[in-house]
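Below is one structure, written out as C-alpha cells; comments come after it.
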Amino acid sequence: MIDKRTGKPLGWTFLPPETIERAKSGSQVEKIKLGKDGTSAFTDIYDFAAKIRSGTLSWEDIEKDDLDFVSFTNIMSVSNFFGSYSAFSP
C-alpha cells in the first residue's frame with residue numbers, strides 16, 4: 001500500500017499479518033499509523049506550521065488524530081533541559 005500524500009509505501013507493509021491484526025485492535029495511534037506512513041508526520045508538521053503562520057489554520061482546527069499522529073515525532077513541542085521549542089511559533 002502507498003501513502004497517497006507522500007507516494008511512499010506505508011511503513012507497516014513489511015510486517016507479518018498477525019502484527020498488523022494486533023495493531024488494528026491496538027491504541028488509536030497504532031490505528032492511525034495503519035493509514036499513514038510514519039515519516040509523513042514530518043511533512044504534516046511543516047504543512048501545519050506553514051498554514052498556522054499564514055493565518056489559514058489554527059492549531060484548534062487540527063484534528064485530534066492528526067495531533068496524536070505527529071506527536072510521536074517529538075518535534076511539534078519539546079520541553080526539556082534545553083528549553084522549549086514549538087514548530088508553530090513564529
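Observations on the structure shown:
- Matching residues, the stretch 13-35, being more than 15 Å from Ile2 (Cα to Cα) and part of a loop (DSSP other than H, G, I, E, B): Pro16, Ser25, Gly26, Ser27
- Residue count for the stretch 5-18 satisfying the condition of being under 17 Å from Asp44 (Cβ atoms) and surrounded by 10 or more Cβ atoms within 10 Å (Cβ to Cβ): 5.
- Qualifying residue in the stretch 36-54 (condition: modelled with pLDDT of 80 or more, assigned to a loop (DSSP other than H, G, I, E, B) and out of contact with any Cys (no Cβ under 8 Å at 6 or more places or on another chain)): no
- All positions within the stretch 55-75 that are part of a loop (DSSP other than H, G, I, E, B), surrounded by 14 or more Cβ atoms within 10 Å (Cβ to Cβ) and at pLDDT 75 or above: Leu57, Ile62
The values are calculated or read from the model by the stated rules, or taken from the named source; none is laboratory data. What you see is a predicted model, and the numbers here were worked out from it, not measured in a lab. All Cβ positions, glycine included, derive from the backbone under ideal geometry; neighbour counts span all protein chains shown.
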